[in-house]
1. Restricting to region 46-83, count the residues that are of a type in the set (Val, Ile, Thr) and in contact (Cβ under 8 Å) with a residue 24 or more places away in the chain.
2. Residue 122 fails exactly one of the following numbered conditions: (1) of a type in the set (A, V, I, L, M); (2) under 30 Å from residue 18 (Cα atoms); (3) free of Cβ contacts under 8 Å to residues at least 60 places away in the same chain. What is the number of that condition?
3. Those residues that are of a type in the set (A, V, I, L, M), surrounded by 15 or more Cβ atoms within 10 Å (Cβ to Cβ) and more than 18 Å from residue 78 (Cα to Cα), I need them from region 89-109; list them, please.
4. Condition first: more than 19 Å from the chain's Cα centre (by Cα) and surrounded by fewer than 18 Cβ atoms within 10 Å (Cβ to Cβ). Can you find one or more residues in region 110-121 that meet it?
5. Just the residues that are in a helix (DSSP H, G or I) and hydroxyl-bearing (Ser, Thr, Tyr), please, taken from region 31-67.
6. If you check residue 28 against the conditions, is it modelled with pLDDT of 90 or more, assigned to a helix (DSSP H, G or I) and in contact with a Lys or Arg (Cβ under 7 Å, 6 or more places away or on another chain)?
7. Going by the conditions given, is residue 130 free of Cβ contacts under 8 Å to residues at least 24 places away in the same chain and out of contact with any Leu (no Cβ under 9 Å at 6 or more places or on another chain)?
Amino acid sequence: MDASGGSAPSARDQGRKETVEERADRNWQDLMQEIRVVQTGVQILLGFLLTVAFTPRFVELEQPDRTVYVITVILGSLATGALIGPVSFHRLVSGRRIKPQAVVWASRLTFTGIVLLLATLVSALFLILRVAAGHALVPWLVAGVFAWYVLCWFALPLWARSRHTARQSRGTREAGD
């Protein structure tokens, strides 16, 4: 599938002898496996966040902490929706022979869910450290964890992708010379 959502094979798919439908099936299975990993964690996190409001200590929170809590719950709810969305999407379009397009939309929802999960985790960490430690270093600690997530989840994969793409381009140019 190309970047525009079309079904032309990309350079990364060359070498695989599969039809557009077979590629869509493989991509769909890969995506569902990835979602299973993330979805469980985000649902547990949201469940935990939803129960916090009913604990005795919640009434002791100051208004800024309650605001951070509300933002965190909303972010967690949005992440959950985005990560469950591909399953619903599949159910509603199944049998319509649009799986390549469904893979594109499900991938977009999944990436959005991962970004929202990142925001939820950072917000929850900020709230927990603020309540537990109340220290001036809390924003710096959270910024460090945020940087770590960005490195692991986005920077490293993008770096690896660019190196692989550059290496592939050099190999193609050299083969054509």
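1. Adding up the residues that qualify gives 5.
2. Tallying (1) of a type in the set (A, V, I, L, M); (2) under 30 Å from residue 18 (Cα atoms); (3) free of Cβ contacts under 8 Å to residues at least 60 places away in the same chain, residue 122 fails exactly one: (2).
3. At the first step, the residues of region 89-109 found to be of a type in the set (A, V, I, L, M) are 92-93, 98, 102-104, 106, 109.
After this cut, where a residue has to be surrounded by 15 or more Cβ atoms within 10 Å (Cβ to Cβ) as well, the list is 93, 102-104, 106, 109.
Matches in region 89-109: 93, 102, 103, 104.
4. No: zero hits.
5. Residues satisfying the conditions are 40, 51, 67.
6. yes
7. The answer is no for residue 130.
Here is a yes/no grid of residues against (1) modelled with pLDDT of 90 or more; (2) touching a Leu at 6+ places or on another chain (Cβ under 7 Å); (3) part of a helix (DSSP H, G or I); (4) at negative phi:
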| residue | (1), (2), (3), (4) |
| --- | --- |
| 96 | no, no, no, yes |
| 106 | yes, yes, yes, yes |
| 109 | yes, no, yes, yes |
| 112 | yes, no, yes, yes |
| 118 | yes, no, yes, yes |
| 136 | yes, no, no, yes |
| 147 | yes, no, yes, yes |
| 162 | yes, no, yes, yes |
| 168 | no, no, yes, yes |
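The values are calculated or read from the model by the stated rules, or taken from the named source; none is laboratory data. Quantities reported herein were computed from a predicted structural model and do not represent experimental measurements. Note that we place each Cβ from the backbone using ideal geometry, even for glycine, and neighbour counts take in every protein chain shown.
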